[in-house]
Every structure is written in structure tokens, then in C-alpha cells.
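The values are calculated or read from the model by the stated rules, or taken from the named source; none is laboratory data. In this text, all values refer to a predicted model and were calculated from it rather than measured experimentally. Here the Cβ positions follow ideal geometry from the backbone for every residue, glycine too, while neighbour counts run over all protein chains shown.
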Ligand code: SF4
């Protein structure tokens with residue numbers, strides 16, 4: 001693979017928002033056609049989650065912004081608007097790459113204020129999206145975490161994580177490592193349209209299988225469960241059965257939620273692909289981004305019953321692990337990433 005500038009002007013300066021040292025590149029390979037990469041040198045990498053967050057972790061690392069997996073419902077879409085990019089196609093195709101992520105995390109883990117708290121990855125966008133195949137930031141990040149025996153977890157839809165299997169194993173020998181794979185459904189037609197850039201659900205379950213075979217327990221975040229399209233009893237059963245057959249240690253269901261940024265994009269997709277469902281969604285999500293409590297409870301109960309039937313439990317590790325009390329860390333770059341510090345999502 002080689003760098004290929006589709007522009008006549010050669011490497012271009014990135015938008016001013018990314019800083020003067022940023023460089024914008026494009027490739028002409030089929031895998032990256034139509035995608036623009038903005039290479040930036042971040043000022044910090046470890047991000048402290050705001051105290052009011054609903055998330056079960058306090059520190060995150062996100063080497064990318066935007067995601068070529070292009071899930072229509074992606075909860076992180078809104079964060080692209082902080083970069084003056086749109087939350088639809090730009091989110092899928094304008095990818096910010098923090099090219100100094102490996103050196104930064106090593107520096108931050110060795111800093112005097114860092115106390116070795118758990119770090120969650122894949123909480124905003126997927127750290128094993130296709131760009132990672134080119135930029136290879138995760139090996140350096142995992143090596144640093146391993147060298148400092150710093151506990152961490154990864155949530156991903158990317159089969160690319162298997163490239164780093166040896167690193168995960170060596171890290172797991174010295175610290176707590178949690179891996180969760182996101183598989184909300186196994187319906188192929190739904191996958192092709194709503195998660196067009198992701199590996200197929202079956203391939204993701206292969207990841208679960210391979211990790212388990214190599215001694216790395218892997219849970220599945222069954223997310224999102226998509227109302228009217230992926231939530232029938234038969235679909236839930238098929239999905240939970242496949243998750244169990246892959247050797248997952250747990251399954252945690254999460255119903256679709258539609259925050260601003262994702263909501264507009266998803267509803268536009270729905271209007272094109274399933275117009276008869278638009279009014280049902282408007283009713284179901286009439287009170288905000290979350291499906292009603294009765295719906296969430298119903299999905300949770302159904303999945304837990306199926307999980308028990310197939311010998312699976314709810315999540316007790318990975319993305320949902322308990323973490324230690326907060327300590328000050330570098331946050332400058334991520335503050336500029338997200339002015340309101342509320343960008344955390346789950347895949
Ligand atoms: S849901 Fe996850 S995998 Fe899909 S586009 Fe968003 S960050 Fe990427």
C-alpha cells in the first residue's frame with residue numbers, strides 16, 4: 001500500500017481546527033477510497049470522563065475520531081460537529097488520526113500523577129476500525145499498557161484486534177485485560193444496510209471464539225438492539241444462541257438510543273429503507289434519545305432469559321468493570337476534542 005494524494009496539490013494542510021502541524025491525506029486503494037485522514041499530533045491522550053457520566057469507567061483512550069465502520073446509528077456522530085464536520089457522511093469518511101498516540105500514552109502512564117487506573121478503549125469510536133490497519137497505533141498503545149501493567153478494556157466491532165492477539169496475551173499476563181465485542185444482531189440484510197463498514201456479525205463472533213481459545217475471555221455487548229428490525233423473539237434467540245456458541249463469557253443487551261447527531265442520520269436512513277417504520281420510531285422515541293423504560297426492560301429480560309437458557313451471564317468485566325477513584329490526569333487535548341466533555345458512547 002502506498003500514500004496516494006488524490007489532490008493535485010500533494011499533502012494538504014488540515015483544517016485550522018486540527019492545528020498547524022496537521023496533515024490531510026487520502027489513499028487510492030479500494031479499502032480507503034473516499035476517505036480522508038487528518039493526521040494530528042495530539043497534546044494528550046488519556047481522557048478523564050466527566051463525573052456526571054453514566055459510563056462505568058473514568059479514563060478512556062481514543063486514538064481516532066470518526067469511524068469508517070459507518071454504523072448509521074452511531075452514538076458518536078455528534079462529536080464530529082465539534083470539529084466543524086457534519087455528523088453524517090463526514091463522520092464516516094473524515095477520520096482524525098492521533099499519530100503520536102503510542103508515544104503520548106507511554107509518557108502519560110509514566111507521569112507522576114498517574115495512579116494506574118483502568119483505561120477503557122473503544123468507548124467513543126472503534127480503535128480497530130479500518131484505519132488502524134494502516135496506522136497501527138494500537139500495538140504501541142497496548143505495548144505501553146503492558147509495560148506499565150496498566151489495566152484496560154477494549155470494546156470493538158473490528159476483527160483487526162486479532163492482529164494484536166500476542167500483545168493482548170502478554171498484557172493479560174501482567175494486568176487485567178477485558179475485551180468485549182459488539183454484536184447487536186446477526187441478521188445479514190440488516191447488517192449490510194445499517195452497519196455497512198463493519199465486519200459481518202459472524203466474523204465478529206469469530207473474534208470472540210479465537211480470543212476465548214487463546215485464554216482471553218470475551219464478553220459481547222449486544223448493542224444496539226434495534227426496535228422493529230432486530231428485536232423479534234426469534235431474532236433475539238438467534239443472536240444470543242450465536243453469542244453463546246462463540247464462547248462469550250457474557251452478554252449485555254442495550255437497546256438503540258438516538259442522540260442528536262445520530263438521530264437525524266438514522267431517521268433519514270429509516271425513511272429510505274423502512275419508511276413504514278418512521279411513525280413507529282417517532283412514537284417510541286418521542287420523549288428523547290432513549291427507548292421507553294418498558295421497552296428497555298423487556299429487551300433486557302428477554303435477553304437475560306435466553307442467556308440463562310444458553311448458559312451465559314450478564315457482563316462482569318470488560319467495558320463494565322469497576323474502576324478506582326479518580327486522580328488528576330492530562331486532559332487538555334480531549335477537552336479540545338469535546339468542549340462539553342460528553343462524547344462518550346458505546347459501540
Ligand atoms: S458504532 Fe462503533 S463501530 Fe459503528 S461507527 Fe460508531 S464507533 Fe464505529
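Which one of these is under 27 Å from residue 139 (Cα atoms) and over 18 Å from the mean Cα position of the chain (by Cα): 199, 233, 227, 217?
217
Checking the structure you have, find out if any residue of segment 137-147 is closer than 19 Å to residue 97 by Cα and within 16 Å of the ligand (Cβ to nearest atom).
Yes, segment 137-147 contains at least one residue that is closer than 19 Å to residue 97 by Cα and within 16 Å of the ligand (Cβ to nearest atom).
Could you grab me the full set of residues in segment 136-147 that are in contact (Cβ under 8 Å) with a residue 40 or more places away in the chain and either assigned to a helix (DSSP H, G or I) or over 16 Å from the mean Cα position of the chain (by Cα) (or both)?
Selection gives 138, 141, 143, 144, 145, 147.
If I filter segment 191-209 down to residues being assigned to a helix (DSSP H, G or I) and surrounded by fewer than 18 Cβ atoms within 10 Å (Cβ to Cβ), which single residue comes out as farthest from the ligand (Cβ to nearest atom)?
Checked segment 191-209; the qualifying residue farthest from the ligand (Cβ to nearest atom) is 209.
Among the residues of segment 62-83, are any without any contact (Cβ under 8 Å) to a residue 24 or more places away in the chain, over 28 Å from residue 230 (Cα atoms) and either within 14 Å of the ligand (Cβ to nearest atom) or part of a loop (DSSP other than H, G, I, E, B) (or both)?
No, segment 62-83 contains no residue that is without any contact (Cβ under 8 Å) to a residue 24 or more places away in the chain, over 28 Å from residue 230 (Cα atoms) and either within 14 Å of the ligand (Cβ to nearest atom) or part of a loop (DSSP other than H, G, I, E, B) (or both).
Which one of these does residue 311 not meet: (1) under 27 Å from residue 178 (Cα atoms); (2) modelled with pLDDT of 95 or more?
(2)
In this structure, does residue 117 turn out to be part of a loop (DSSP other than H, G, I, E, B), at pLDDT 95 or above and more than 18 Å from residue 57 (Cβ to Cβ)?
Criteria not met by residue 117.
Go through (1) more than 16 Å from the ligand (Cβ to nearest atom); (2) assigned to a helix (DSSP H, G or I) for residue 161 and report which single condition fails.
Only one criterion is unmet by residue 161, namely (1).
For segment 84-101, which positions are away from the ligand (no atom under 15 Å from the Cβ) and surrounded by fewer than 21 Cβ atoms within 10 Å (Cβ to Cβ)?
If the condition is that a residue be away from the ligand (no atom under 15 Å from the Cβ) and surrounded by fewer than 21 Cβ atoms within 10 Å (Cβ to Cβ), then 84, 99, 100 are the ones that fit.
Helices (runs of 4 or more DSSP H) wholly in segment 214-323 with at least 1 residues that are in contact (Cβ under 8 Å) with a residue 60 or more places away in the chain - which ones?
Answer list for segment 214-323: 233-245, 262-273, 293-309.
Within segment 33-46, how many residues are in contact with a helix residue (DSSP H, G or I) (Cβ under 7 Å, 6 or more places away or on another chain), under 23 Å from residue 86 (Cα atoms) and crowded, with 16+ Cβ neighbours inside 10 Å?
6
Would you mind telling me which numbered condition in (1) within 16 Å of the ligand (Cβ to nearest atom); (2) part of a loop (DSSP other than H, G, I, E, B) residue 175 fails?
(1)
For segment 120-131, does any single residue satisfy the condition of being more than 16 Å from the ligand (Cβ to nearest atom) and either free of Cβ contacts under 8 Å to residues at least 40 places away in the same chain or outside any helix (DSSP H, G or I) (or both)?
No - not one qualifying residue is present in segment 120-131.
How many of the residues in segment 240-266 are surrounded by fewer than 18 Cβ atoms within 10 Å (Cβ to Cβ), farther than 28 Å from residue 205 by Cα and touching a helix residue (DSSP H, G or I) at 6+ places or on another chain (Cβ under 7 Å)?
1
Just checking, how many residues over segment 148-158 are touching a strand residue (DSSP E or B) at 6+ places or on another chain (Cβ under 9 Å) and away from the ligand (no atom under 16 Å from the Cβ)?
Here the count works out to 3.
With the requirement that a residue be over 15 Å from residue 139 (Cα atoms) and over 18 Å from the mean Cα position of the chain (by Cα), what does segment 160-185 give you?
Correct list: 173, 174, 175, 176.
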